[in-house]
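The values are calculated or read from the model by the stated rules, or taken from the named source; none is laboratory data. On a predicted model such as this, the values are computed, not experimentally measured, just so you know. Using ideal geometry, Cβ is built from the backbone for each residue, glycine included, and neighbour counts are taken over all protein chains shown. Note: areas computed on protein heavy atoms with side chains; ligands, DNA, RNA excluded. Shrake-Rupley method; radii C 1.70, N 1.55, O 1.52, S 1.80 Å.
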Amino acid sequence: MQFVDRVEIYVKGGDGGNGCLSFRREKFVPRGGPDGGDGGHGGHIIVRAIPGTNSLAGLSKKRHWLAENGRAGQGKKKTGRKGEDLVIEVPPGTQIRDREHGFVLKDLTDPHSEVIVARGGKGGKGNTAFATATNQTPRQFEKGQPGEERSIVLELKLIADVGLIGLPNAGKSTLLSRLSKAHPEIADYPFTTKYPNLGLCRVDIDREFVIADIPGLIEGAHEGVGLGHEFLRHVERTRLLLHLVECQPTGDATPFENFQTIRHELSEYSPKLAARREIVILTKTDLGNADEIEREFTDQLGRPVVRISAVTGEGLKQLVEKAAAELVAMEEEDPPSTTEPSSG
Ligand SMILES: Nc1nc2c(ncn2[C@@H]2O[C@H](COP(=O)(O)OP(=O)(O)OP(=O)(O)O)[C@@H](O)[C@H]2O)c(=O)[nH]1
Ligand SMILES: [Mg+2]
């Protein structure tokens, strides 16, 4: 299935049913009082996060979602039937924004969380409701109110603990395939990965973390050059970055220059993202030259880097342990809050 991560749809709550204008008519009761019932409320449009739904692809086929209208009230004080709510199912991690004004209606991070995106209109009151001591034959009644309508943007932000970043061809997808059961496409040309891939990395029986592999970033990515920019928002939510640097890059730039290019793009895109913890990884160490490059990195950065090779398996186990330890350390420093910040 194609990976769809941003969809725009139009939603409208059902209109409320009109109130009824009616008087009781019975044999032998010359002046029956008012008996017009209220209109039913229109149905709401609800967006709900359902685990197991893994993309927004299903929504891209249907652009207009209308909830059922409420029925009109009737004589004999009968209230009109309420319109059914319409539920749109999305994966957890979907953020919903008002298209026109841009504000966030809700971040559906938690499974089964939901939000009403378009309220149904209220049903109108029938004339019975307007009877008073001085007006026993009211001819007033209300019309139903129209349902709320708006266009919304649904954006699926993958929820991963760890994000893989680096230039195209750095070996990101290969690493994901070695650390998880994911089967991303791998090839020796840049931009093999066009959509993010997720994989679950099992550390041991009670520790695991989710890794997101995104398309390669290139110079100018923060201004939209290449493919990676569009997906940087997916790594925005990760807690730890694994920054992959190829030991034998194809271009003229040195590995350390390539590293700096990506760092620059990150800080231009978002200072918050650039401040995230990062493990620097030298990839493809089986191709040689790794010692010299490692020295340059440790000298420049003042901290150790991890060396890996998907071919020989060097460093993979250490990397998993190190990433898991960093995630735990972060949790101890800053435990995840149990309450979601409310956003509307
Ligand atoms: N020799 C060697 N080759 C590797 C290693 N890791 C990856 N490769 C090769 O490098 C090429 C690129 O690997 P990918 O995993 O597709 O790279 P990527 O970073 O996902 O690239 P994009 O998706 O294009 O950004 C492939 O031909 C891989 O087989 C390694 O450790 N050693
Ligand atoms: Mg790839």
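What does DSSP give for segment 154-244 in terms of the percent of beta bridges that are antiparallel, rounded to the nearest 5?
Once the DSSP bridges in segment 154-244 are tallied, antiparallel ones form about 45 percent.
What FRET efficiency would be calculated for the residue pair PHE28, ASP85, taking the C-beta separation as r and a Förster radius of 51 Å, to the nearest 0.05?
Between PHE28 and ASP85 the formula returns 0.70.
Quick one: order VAL280, VAL210, VAL311 from most to least accessible surface, probe 1.4 Å.
Listed by decreasing accessible area, they come as VAL311, VAL210, VAL280.
Could you work out Rg/(2.2 N^0.38 Å) for segment 1-157, with Rg from alpha carbons only?
Cα-based Rg divided by the globular estimate yields 1.38.
Whole-Hz Karplus ³J(HN,Hα) for segment 272-289, in order, using 6.51 cos²θ - 1.76 cosθ + 1.60 and θ = phi - 60°, x for Gly and Pro?
Per residue, the Karplus-derived 3J(HN,Hα) values read 5, 5, 5, 7, 5, 4, 9, 10, 8, 10, 8, 9, 6, 5, 5, 7, x, 6 Hz.
Ordered by residue, what ³J(HN,Hα) values in Hz, to whole numbers, does segment 118-125 give under the Karplus form 6.51 cos²θ - 1.76 cosθ + 1.60, where θ = phi - 60° and Gly and Pro are x?
For segment 118-125, the Karplus curve yields 8, 7, x, x, 6, x, x, 7 Hz.
Would you pull out the residues with amide H under 5 Å of GLU208's amide H, same chain only if 5 or more places away, H placed 1.01 Å from N?
Residues meeting the criterion, in which the H sits 1.01 Å from N, are VAL203.
Mind grabbing the accessible area of THR109 for me, 1.4 Å probe, Å², rounded to tens?
The accessible area comes out at roughly 40 Å².
In what sequence, largest accessible area first, do LYS284, LYS172 appear using a 1.4 Å probe?
LYS284, LYS172
To check you understand DSSP bridge types, tell me what percent of the beta bridges within segment 162-333 (both residues inside) are antiparallel, rounded to 5.
30 percent
At 1.4 Å probe size, with every protein chain present, just tell me what the per residue accessible area of the chain comes to in Å².
53 Å²
Probe 1.4 Å, all protein chains in place: accessible area of HIS243 in Å², nearest 10?
0 Å²
For the chain, what does -39500 (n - 2.57) per DSSP helix run (n ≥ 4), summed and divided by total residues, give at 222 nm, in deg cm²/dmol to the nearest 500?
Result for the chain, helices only: -5500 deg cm²/dmol.
In terms of modelled amide H atoms, which long-range or inter-chain residues lie less than 5 Å from the amide H of ARG277?
Correct list: LEU241.
Probe radius 1.4 Å, ligands and nucleic acids ignored: give me the carbon and sulfur share of the accessible area of segment 174-274 as a rounded percent.
That fraction is 50 percent.
Please quote Rg/Rh for the chain to two decimal places, taking the Kirkwood radius as Rh and restricting both calculations to Cα atoms.
On the Cα set of the chain, Rg over Rh gives 1.23.
Quantify how much of the Cα-Cα distance distribution of segment 184-329 extends past 27 Å, in percent.
19 percent
Take GLN260 and GLU149, extend 7 Å from each Cα along the Cα→Cβ direction, and tell me the distance between the two endpoints in nm.
Placing both labels 7 Å along Cα→Cβ, they lie 5.6 nm apart.
Give a residue-ordered list of calculated ³J(HN,Hα) values for segment 102-109 (Karplus: 6.51 cos²θ - 1.76 cosθ + 1.60, θ = phi - 60°; whole Hz; x for Gly, Pro).
x, 6, 7, 6, 5, 9, 8, 6
Quick one: of the DSSP bridges fully inside the chain, what percent are antiparallel, nearest 5?
Counting DSSP beta bridges with both partners in the chain, the antiparallel share is about 55 percent.
Please list TYR195, TYR10 from largest to smallest accessible area, probe radius 1.4 Å, with all protein chains kept in place.
Sorted descending by solvent-accessible area, the residues read TYR195, TYR10.
Amide H neighbours of GLU84 under 5 Å, counting only residues 5+ apart in sequence or on other chains, H built in-plane at 1.01 Å?
Placed amide hydrogens put GLY43, GLU68 under 5 Å from GLU84.
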